[in-house]
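*Asks:* This is the structure I want to talk about, given as structure tokens.
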Amino acid sequence: MTSDRSICELTATGLARAVASGKVSSREAVDAHLARIASLDARLAAFVTVDADGARRAAQICDSAPAPIGPLHGVPIAIKDLTDTAGLTTTYGSVLFRDHVPAEDDLVVARLRRAGAIILGKTNTPEFGFGAVCTNRLRGPTRNPFDPALTSGGSSGGSAVAVAAGMVPLAHGTDFGGSVRTPASFCDVASIRPTPGRIPSPRRPLGWDMLATHGFLARSVDDLELALAVCAGSDADDPISLGGASDDRPIVDRPRIAFTPDFGVATVAREVRARFAAAWEALARVADVVPSSPDCGGAIETFRTLRAAHIANSYGELLRTRRAELTPTVIWNIEAGANLSAQDYLNAERRRTAIFRSFRALFTGADFLVAPAASVFPWPNEVADVTAIDGAALDTPIDYLAVTFIVSLVGFPVLTLPVPGGENELPFGIQIIAPPGRESRLFALGRILQNELDFSHRPPKLP
């Protein structure tokens, strides 16, 4: 008989195969992961809501089906609590929505359900996704499984911890400026932020917004590819949505990889630079590796402006009517865009265009671009924001994310992988960036790095 622990050690693709073959039932898979949550989540706080009864009902449907419902048949997953789930509380990390139960699934959730996935619950996030530490007035802090005194990162920290700790093999996240990639780096898991539009968001108020995307966190590249495959595909109500197929041309035997520790503008900790140097030295075993960066001059100011404008537009009314109930972090984020002019916004878009074209130019001579997935290592949960790196003060609380938000700015797809470290070293990951639409090539390279260089998840020491 398969043990609960061995079930929870399976990847999503491995578990899907086990359920499809009858070696593990959907109910056994759900119960094993619910037991894991019950054992660990009081300490780690990865989940805001756990839907044990709903998950068991879904498992019964899977086990009664004459054939697999879809590629994720019977696989337990988690959904970040910024994303609507029909009939299941969705708080957006805010006390204002503590009792909010959506009537409809977000499209990404509906597609996961149609693929046979079973939702165990909703993972923690800072209020409305704004915050460096994954905590809010309802739940948290979500603690790093490698050292519970440290942060899991924001804002998909709950999903990263749930995957790293074996509570689920696959979790959904969202990424605006690095909200999938930073927690993945901090918790030693893999993640994908696809090309904007690859996973549609037909209910997004700003239909042409390309800064935020859905994404996934998992312990293997195959799991990320499977999750993206079942959720990708155009939708008529999303004006930037893309078809499901991405560029699947094979990568060359020794791809040409450009690398940059900081895009020429980001502040990155000395210890991170040292770990990154070791990573690209390892990459040289399987690729031609050259130092190179697009021209990202003005990128930090550009992202600050666009982000602030979008947040002020989306949440300005909430600030005017419910200010006393919002956290200081949320208030700062909304107020940052209050006095921007149309000229400020258009100037930022002009600079964004130039940076995008610089990225495109770099890829005429490189297959991939690699950078750190975080500028710092995890810090104590009690420290709300990163205000300085190696003693150098940052201008704003979001500037520590520059190594990730520069990629968000231009909309290129990015895979993150954990890199090997010493037994007592904290987790650290790299971003692997490709031109828009080339997710398949990212996954192909990711498998090579997993299999040949051991750029793969290492489990934390947990009960």
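The values are calculated or read from the model by the stated rules, or taken from the named source; none is laboratory data. It should be emphasised that the depicted structure is a prediction, and the values quoted were computed from it without experimental measurement. Note that each Cβ is placed from the backbone with ideal geometry, even for glycine, and that neighbours are counted across all protein chains shown. Accessible surface areas use protein heavy atoms only, side chains included; no ligands, DNA or RNA. Shrake-Rupley method; radii C 1.70, N 1.55, O 1.52, S 1.80 Å.
*Asks:* Name the residues in the range 120-160 that are under 18 Å from ALA374 (Cα atoms), open to solvent by 10 Å² or more (accessible area, probe 1.4 Å) and over 15 Å from the mean Cα position of the chain (by Cα), would you?
*Replies:* Passing the criteria: ARG143, PHE146, ASP147, LEU150.
*Asks:* A further question on this structure: Pull up the range 395-443, narrow it to residues that are under 15 Å from ASP247 (Cβ atoms), of a type outside the set (Lys, Arg) and part of a helix (DSSP H, G or I), then point me to the one that is most open to solvent (accessible area, probe 1.4 Å).
*Replies:* SER440
*Asks:* Only helices (runs of 4 or more DSSP H) wholly contained in the range 267-379 count here; list those with 2 or more residues that are without any contact (Cβ under 8 Å) to a residue 60 or more places away in the chain, surrounded by 19 or more Cβ atoms within 10 Å (Cβ to Cβ) and at negative phi. Walk me through how you get there before you give the answer.
*Replies:* Working: elements: 270-283, 299-322, 328-335, 342-362.
Those helices (runs of 4 or more DSSP H) span 299-322, 342-362.
*Asks:* Then there's this: Scanning the range 32-54 for residues that are in contact with a Ser or Thr (Cβ under 9 Å, 6 or more places away or on another chain), open to solvent by 20 Å² or more (accessible area, probe 1.4 Å) and not polar (S, T, N, Q), which turns out farthest from LEU120 (Cα to Cα)?
*Replies:* Step one: filter the range 32-54 for residues in contact with a Ser or Thr (Cβ under 9 Å, 6 or more places away or on another chain), giving 32, 44-49, 51.
Narrowing the set further to residues that are open to solvent by 20 Å² or more (accessible area, probe 1.4 Å) leaves 48-49, 51.
This time we only want the ones that are not polar (S, T, N, Q), so: 48, 51.
Working: VAL48: 11, ASP51: 5 Å.
The selected residue is VAL48.
*Asks:* Counting just the residues of the range 380-394 that are in contact (Cβ under 8 Å) with a residue 24 or more places away in the chain and charged (D, E, K, R), which one comes out most open to solvent (accessible area, probe 1.4 Å)?
*Replies:* Going through the qualifying residues, I end up with ASP390.
*Asks:* If we keep just the residues of the range 221-246 that are within 28 Å of PHE276 (Cα to Cα) and of a type in the set (D, E, K, R), which is least open to solvent (accessible area, probe 1.4 Å)?
*Replies:* Restricting to residues being within 28 Å of PHE276 (Cα to Cα) and of a type in the set (D, E, K, R), the top hit is ASP223.
*Asks:* On to the next question. Filtering the range 1-55 down to residues that are in contact with a helix residue (DSSP H, G or I) (Cβ under 6 Å, 6 or more places away or on another chain) and among the polar types (S, T, N, Q), which residue is farthest from HIS172 (Cα to Cα)?
*Replies:* Looking at the filtered set, the residue picked out is SER25.
*Asks:* Would it be correct to say that PRO196 is in a loop (DSSP other than H, G, I, E, B) and surrounded by 14 or more Cβ atoms within 10 Å (Cβ to Cβ)?
*Replies:* yes
*Asks:* What number goes with the only condition from (1) open to solvent by less than 10 Å² (accessible area, probe 1.4 Å); (2) under 21 Å from HIS310 (Cβ atoms); (3) among the aliphatic types (A, V, I, L, M) that ALA218 does not pass?
*Replies:* (2)
*Asks:* Might you let me know whether the range 222-243 holds any residue that is at pLDDT below 95 and either in contact with a His (Cβ under 6 Å, 6 or more places away or on another chain) or of a type outside the set (Val, Ile, Thr) (or both)?
*Replies:* yes
*Asks:* Somewhere in the range 172-184, is a residue among the aromatic types (Phe, Trp, Tyr), farther than 16 Å from VAL109 by Cα and open to solvent by 10 Å² or more (accessible area, probe 1.4 Å)? Talk me through it step by step, then tell me what you get.
*Replies:* From the range 172-184, those among the aromatic types (Phe, Trp, Tyr) are 176; that's our starting set.
Now restrict to residues that are farther than 16 Å from VAL109 by Cα: 176.
Keeping just the survivors that are open to solvent by 10 Å² or more (accessible area, probe 1.4 Å) gives 176.
Yes, some residue in the range 172-184 is among the aromatic types (Phe, Trp, Tyr), farther than 16 Å from VAL109 by Cα and open to solvent by 10 Å² or more (accessible area, probe 1.4 Å).
*Asks:* For the range 393-439, which residues satisfy the criterion of being under 14 Å from the mean Cα position of the chain (by Cα) and not polar (S, T, N, Q)?
*Replies:* Answer for the range 393-439, where residues must be under 14 Å from the mean Cα position of the chain (by Cα) and not polar (S, T, N, Q): LEU401, PHE405, VAL407, PRO413, VAL414, LEU415, LEU417, PRO418, GLY429, ILE430, ILE432.
*Asks:* Here's another thing I want to ask about it. Has the range 205-228 got any residue that is part of a loop (DSSP other than H, G, I, E, B), out of contact with any strand residue (DSSP E or B) (no Cβ under 9 Å at 6 or more places or on another chain) and closer than 30 Å to ILE7 by Cβ?
*Replies:* Within the range 205-228, not a single residue is part of a loop (DSSP other than H, G, I, E, B), out of contact with any strand residue (DSSP E or B) (no Cβ under 9 Å at 6 or more places or on another chain) and closer than 30 Å to ILE7 by Cβ.
*Asks:* Touching a Pro at 6+ places or on another chain (Cβ under 9 Å), assigned to a loop (DSSP other than H, G, I, E, B), within 25 Å of PRO169 (Cβ to Cβ) and aliphatic (A, V, I, L, M), is that true of LEU462?
*Replies:* yes
*Asks:* Based on what the data block shows, is ASP63 charged (D, E, K, R), touching a Phe, Trp or Tyr at 6+ places or on another chain (Cβ under 6 Å) and outside any loop (DSSP other than H, G, I, E, B)?
*Replies:* So ASP63 does not fit the description; no.
*Asks:* Of the residues that sit in the range 247-261 and are open to solvent by 30 Å² or more (accessible area, probe 1.4 Å) and within 29 Å of GLY297 (Cα to Cα), which one is nearest to the chain's Cα centre (by Cα)?
*Replies:* Ranking the qualifying residues of the range 247-261, first place goes to PRO261.
*Asks:* Just one of THR13, THR83, THR2, THR90 is of a type in the set (Val, Ile, Thr), open to solvent by less than 40 Å² (accessible area, probe 1.4 Å), touching a residue at least 24 places away in the same chain (Cβ under 8 Å) and within 26 Å of PRO459 (Cα to Cα); which is it?
*Replies:* Matching residue, one of THR13, THR83, THR2, THR90: THR13.
*Asks:* Moving on to the next point. Could you list all residues from the range 16-29 that are surrounded by 19 or more Cβ atoms within 10 Å (Cβ to Cβ) and not acidic (Asp, Glu)?
*Replies:* ALA16, ALA18, VAL19, VAL24, SER26, ALA29
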